[in-house]
1. Karplus couplings for the stretch 143-154 from phi (6.51 cos²θ - 1.76 cosθ + 1.60, θ = phi - 60°), rounded to Hz, Gly and Pro as x?
2. Can you work out the PRE-style zone for Asp84? Point 7 Å along Cα to Cβ, and I want the residues of the stretch 59-78 with backbone N under 14 Å.
3. Subtracting the Cα-Cα distance from 0.36 nm times the residue separation, let me have the gained length for Ala140 to Leu3 in nm, one decimal.
4. Whose amide H sits under 5 Å from the amide H of Leu283, counting only residues 5 or more places off or on another chain, with H placed in the peptide plane?
5. Helix-derived [θ] at 222 nm for the chain: sum -39500 (n - 2.57) over DSSP H runs of at least 4, divide by residue count, nearest 500?
6. In whole angstrom, note down how far apart the Cα centers of the stretch 51-89 and the stretch 195-256 are.
7. Hey, rough spin-label estimate for Asp272 and Ser167, points 7 angstrom out along Cα→Cβ, what's it come to in nanometres?
8. Let me know the volume per residue of the alpha-carbon convex hull for the stretch 6-77, in Å³.
Amino acid sequence: MALTPYESDIAEQPAALRRFGSAPLPAGLEKVSLTDHGRVVITAMGSSHYAGLPTWRRLVAEGHPVWWVSATELLDTPELVTPDTLLIATSQSGRSGEMVALLEGPARTVRTVIGITDSEESPLGQAADVLILLRSGPEATVSSKSYLNTVAAHQSLTGALLGTGVSDTDVEDAARSLEGFEVSDELCAAAQSFTRGPEPRLALIGKRDDIATSLMGALVLKEASKIPAEGYIGGEFRHGPMETAGPGLTAVVFAAPEVATQADPSLAALADELIRSGSDVLLVGGEPRAGARHIPLPHGPGLARTAVATRLVQQLSLDIARARGITPGAFRFGQKITTAL
């Protein structure tokens, strides 16, 4: 059976990561100082926006004034962009409607724009003072290789801004992890359970950097599988969405990696509650729990963990789409580049 365009893009992810990893960081990035700017604003739309969340977390942890705000929210609140702002703007195409409006409006007077895009000729590529090229190559449909390359770009950017650098092996480890990915029986069973359940619904729940995977995963499942799926930040699920638990709910819970020597028990406790409710729980990472399906992840935070978790969500979207008799990733109403506001 021939691969769909979406599957071909997924298969090309390791090569795309290596293209990015083998390229030098852009000239001028070493001259960008966080202390020369009054604030940092990280902005994008969709999966490009979610990929910037780890950058926000790391810069805030180092005591810097940083906002992580979608481009559409920034257009609604342009006062957040000040003349001494370092604007980190991401767009795979470099020409999404919100990004173009932002560059033509509030962003015109900022001190520095760091652009992350695949297109040097795009409005973002032309407006950036420092340009980080994704090098993910043409992408036919739902964001896949461009998402992982964006995560890698943000990791490199964060290391440069903080002066910590990035391990030369991080990108290669992620690429090899993708090449070694195997479709698990537990993942197939979760997809089948979803499609056969009463009033099927799907939630992805994570903490720390896994928040990005949860939010991106819900978007991918909606786009590629045409199903209602929502991403949540940890205990956020208990504040209202818990009423959707029970038979028919498939909950993908990303067990947060340990911080130093302290494990975070909160998501494991939430998984137990969902199991007792009759939900079908797929626990990704962490330790197995009675009543839940379990898929391990690479230990600790890092690009390899994010790459495998992302690949898992992509596979889930493929399996659900096929079970529903639709072509994975084929757009019905949207398009690859959203230029309308």
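The values are calculated or read from the model by the stated rules, or taken from the named source; none is laboratory data. Note that the coordinates shown come from a computational prediction; the quantities given were computed from them, not determined experimentally. Reconstructed Cβ throughout: ideal geometry from the backbone, glycine too, with neighbour counts over all protein chains shown. Areas reflect the complete protein model, heavy atoms only, side chains present, ligands, DNA and RNA absent. Shrake-Rupley method; radii C 1.70, N 1.55, O 1.52, S 1.80 Å.
1. Computed from phi, the couplings for the stretch 143-154 are 4, 9, 5, 5, 5, 5, 5, 5, 4, 5, 5, 5 Hz.
2. Answer for this model: 65-66.
3. Values: separation 137, 0.36 × 137 = 49.32 nm, distance 1.23 nm.
The Ala140-Leu3 span can extend by a further 48.1 nm.
4. Here the answer is Val253, Arg293, His294, Ile295, since their amide H atoms fall under 5 Å of that of Leu283.
5. Details: 13 runs with 139 residues, N = 341.
So the helix-based figure for the chain works out to -12000 deg cm²/dmol.
6. The two parts, judged by their Cα centres, are 26 Å apart.
7. According to this spin-label approximation, the distance is 3.2 nm.
8. Working: hull volume 9.5 nm³, N = 72.
Value for the stretch 6-77: 132 Å³ per residue.
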